[in-house]
Structures are given as structure tokens and as C-alpha cells.
Amino acid sequence: MAAPLPKKCVELGFVENSEEFLLRSRFFPSKLGGRPAWLSLESIPTTEQLSCVECMKPTIFLLQVYSPCTLKLETFHRTLFIFVCSNPDCCKTNSNKNLHVFRSQLPRENKFYSSDPSPEIEVQNEVDASLFNKLCVVCGCLGLKTCSKCHNVNYCSKEHQTVHWKSGHKVGCNLSKEADVSTKEVKFDCLFPEMELVTEPENNESEKDCVEKTDEEKMKEYDEFLKKENVSQTCGEMSEAELQKMASKESENDKQLRRFKKRISQEPEQVLRYDKGGEPLWIASDPKPEVIPDCKCGAKRQFEFQVLPHLLSFMNVDKLGASIDWGTLCVYTCSENCSIGNTYSREYIFKQDVV
Ligand SMILES: [Zn+2]
Ligand SMILES: [Zn+2]
Ligand SMILES: [Zn+2]
Ligand SMILES: [Zn+2]
């Protein structure tokens, strides 16, 4: 007897340590932190495209997800890249202004990589974006500024020039290019730790949402809400109906958070949920995006994956002083995977927080 066809399920992403060289461009990795392993090695996003909308400083590479699509020749390889501003002040509730997401895709036959998988051995000269662009020695993004003293190193911004200066170029600048160790593969504190993202299907035993609460439970919750908020005294102006509305709103968010936690608790180490064309697992009932902006090609965007708050625990964000965070980050991409050649196309990201 044939086994029943498996239901389309969500792919979960987990963080794992990996050999560093396996996270370079030619292996088409999904990964967190370090420098981006650019897919298309030319036409990478400009410094302006990657600057934080809040503070105008450069955002930092957060993660990339390799998600090829076999329906089209030109999406044989396909990777999505997320960048985030590491300044906690730019991290505002339910605002995506400190975030960017870009799509890159290539056919199997392309000008950068062999059409066959790369052998898993370390090589001296990696095929990477530095062959086609000047890259910032710190963050690995486009670096069109040059150290005016030695002319040996490039930067995306004044900020990263300062980072580099303090982390050794102050000495290295006076040395030859070969002797300047500050330009070799240095791990900069301003980048997130580099780790591989691996996926496996979710084994979801209980698709069902939490059981609806009884009226009695709802009433009890409402009473507790009133007590907690001291509503009867402070909201004297509010009508009974308004109070009811507030209470039910509160419990909608609670309910959603409970659903979220219940589903996540089956695999608590998950950091990412991939469910192209599906629905995000919201962490709160509200806000959800009212309109997802269409792709610049005119096609609708669809949900593709979401990043979970557990990822933050791998990012050493406390090191940054205060902390950036999110409830969940939902990425929406062009449903047509429209042609973009070797360029990078902006997609849409929505940040939902638990208030
Ligand atoms: Zn910022
Ligand atoms: Zn930089
Ligand atoms: Zn220099
Ligand atoms: Zn499009």
C-alpha cells in the first residue's frame, strides 16, 4: 500500500557551527553573520541602498537563505539577504526601517560559478565579490572609499574606517599591504558571529490551534486585566463597551502569543520558519501588514520565511550595549521571481513585536 503523500510542511531553520570555508559564495550557503557570501558577484547593493533609514549609517549583514526555485532556469540559484542596523536606537516597535532584504538569483550556467558543485576543499583564492567590486574590509559590502594614506584598503563608510583603524590599521597603515595583518581575515566585533543555517521539515503533530477558552476563563482573564491595569479607577471616562474592547484586544494578543509559543515549543531551537506561499506564524494578533507592496515588476509579493526571536541569542547583541530585537521578521518576495539579471532586487520585510 502506498504511503500517504506528506502534507506540504514548514521547513525549520537551525543554527550550526561549520567550517568557515564552506560558508563562502561557491557553496551557496544559508548562514547567519560574518560577511555576506554574495550570490551574484557583481552589482551588489550600494552603500546608500544598505544604509539604515533611521540613522543613515551602514546596516550589518544579518543572514542569508539559499532558496532556489526549480520552476525557472534563472532561479537555479537564488538567495535572500537580510541586513539590520546594529544601533538599538533605530530598532522601533513594529517598524522595518532598520532592516533591508534583497533577492539575488542566477541560472545554472552563469559567469561566476561552475555549473557543477564545488569540491569541498579549501582553496587559496576564493571566487568572491572582491573579484568584481571593491569591498569594505570590515563588513564585506561595497566599499568605494579608500584609506587616503596607504590606498590599500576600502570602506563602505567613515564608521567602518574608524572600526578598522582602531582594530589594527592604525599600525598596519604604515606597513606594506602584505605585512598589514589588519586587512587579513579579521573578525570584527561589529559583525554578528558567523554560523551555518540548516533546515529540516517541521514535525507538526498538532496542527490545531489552542483550544478556545470558555466564557468563564475569558471572564476571569477580563477581571484580572481590570485588576492589573487598575482600570476601574484610571479609566473612569471609558464606557463599558470600550473597556470590553480593550480587554478582548488584550486577550487576542495573548492568545496569539500562546499559539506562537505552543507551536515553537515543539522545536524550541528553531530560528527560522520557511513556508513559501504560506502564512507567517504571528507572535501577536496585531499589527499585521495591511498591504504588502507589490514587486517593482508589478507582481504580488508572497510570504516566504520568517526569522524568530531565538536567533537573537546567537547574535551576541548584548555586546552592542543595549539590544536590538524583534518578535518576528517576515520576508515577502516577488511571487513571479521576476528577472533581475545579475542585480540585487529589494524585497519586503515586516517586523512584528510583542508590546
Ligand atoms: Zn540605524
Ligand atoms: Zn563596511
Ligand atoms: Zn591605510
Ligand atoms: Zn517581481
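The values are calculated or read from the model by the stated rules, or taken from the named source; none is laboratory data. Keep in mind that this is a model prediction, so the values were computed, not measured. Backbone-built Cβ (ideal geometry, glycine too); neighbour counts: all protein chains shown. We work out accessible area using only protein heavy atoms, side chains counted, and drop any ligands, DNA or RNA first. Shrake-Rupley method; radii C 1.70, N 1.55, O 1.52, S 1.80 Å.
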- Message: Return the pair list, or none, for Cβ contacts closer than 7 Å from residues in region 142-153 that are assigned by TED's automatic domain parsing to the domain that holds SER43 to residues that are away from ligand 2 (no atom under 13 Å from the Cβ) and among the basic types (Lys, Arg), at least 6 apart or on different chains.
- Response: ASN152/LYS177
- Task: Scan region 134-153 residue by residue and report those that are in contact with a Leu (Cβ under 9 Å, 6 or more places away or on another chain) and open to solvent by 30 Å² or more (accessible area, probe 1.4 Å).
- Result: LYS134, LEU135
- Could you look through region 78-94, keep only residues that are buried (at least 22 other Cβ atoms within 10 Å of the Cβ) and without any contact (Cβ under 8 Å) to a residue 60 or more places away in the chain, and pick out the one that is nearest to GLY327 (Cα to Cα)? PHE83
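Per-residue answers, yes or no, for (1) small (Gly, Ala, Ser); (2) at negative phi; (3) in contact (Cβ under 8 Å) with a residue 60 or more places away in the chain; (4) out of contact with any strand residue (DSSP E or B) (no Cβ under 7 Å at 6 or more places or on another chain):
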{"residue": "CYS297", "(1), (2), (3), (4)": "no, yes, no, no"}
{"residue": "LEU308", "(1), (2), (3), (4)": "no, yes, no, no"}
{"residue": "ASN316", "(1), (2), (3), (4)": "no, no, yes, yes"}
{"residue": "ILE324", "(1), (2), (3), (4)": "no, yes, yes, no"}
{"residue": "VAL331", "(1), (2), (3), (4)": "no, yes, yes, no"}
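Just checking, how many residues over region 54-79 are in a strand (DSSP E or B), under 17 Å from the mean Cα position of the chain (by Cα) and farther than 19 Å from LEU135 by Cβ?
Of all residues in region 54-79, those in a strand (DSSP E or B) come to 58, 60-66, 77-79.
Filter once more, keeping what is under 17 Å from the mean Cα position of the chain (by Cα): 58, 60-66, 78-79.
The next check asks that each one be farther than 19 Å from LEU135 by Cβ; those that pass are 65-66, 78.
Within region 54-79, residues that are in a strand (DSSP E or B), under 17 Å from the mean Cα position of the chain (by Cα) and farther than 19 Å from LEU135 by Cβ number 3.
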- Task: State all residues of region 322-355 that are among the charged types (D, E, K, R), within 16 Å of ligand 1 (Cβ to nearest atom) and open to solvent by 40 Å² or more (accessible area, probe 1.4 Å); if no residue qualifies, say none.
- Result: ASP325
- In region 163-182, anything open to solvent by 40 Å² or more (accessible area, probe 1.4 Å) and away from ligand 1 (no atom under 16 Å from the Cβ) is listed as TRP165, LYS166, SER167, LYS170, VAL171, ASN174, LEU175, SER176, LYS177, GLU178, ALA179, VAL181
- Please verify whether region 153-163 includes one or more residues that are over 18 Å from SER345 (Cα atoms), modelled with pLDDT under 95 and of a type in the set (S, T, N, Q). no
- Message: As an exercise: evaluate ASP209 against (1) at pLDDT below 60; (2) in a helix (DSSP H, G or I) and give the number of the one condition it does not meet.
- Response: (2)
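Conditions (1) aromatic (Phe, Trp, Tyr); (2) open to solvent by less than 40 Å² (accessible area, probe 1.4 Å); (3) touching a helix residue (DSSP H, G or I) at 6+ places or on another chain (Cβ under 8 Å), marked per residue:
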| site | (1), (2), (3) |
| --- | --- |
| GLY13 | no, yes, no |
| SER43 | no, no, no |
| PRO58 | no, yes, yes |
| GLN64 | no, yes, no |
| CYS69 | no, yes, yes |
| VAL101 | no, yes, no |
| GLU109 | no, no, no |
- Task: Given the conditions (1) modelled with pLDDT of 85 or more; (2) out of contact with any helix residue (DSSP H, G or I) (no Cβ under 7 Å at 6 or more places or on another chain), report the number of the one that GLY168 does not fulfil.
- Result: (2)
- Task: Might you let me know whether region 123-131 holds any residue that is charged (D, E, K, R), open to solvent by less than 30 Å² (accessible area, probe 1.4 Å) and at negative phi?
- Result: no
- Item | Unmet requirement for GLY140, which otherwise passes all of (1) assigned to a loop (DSSP other than H, G, I, E, B); (2) closer than 20 Å to ILE340 by Cα | (2)
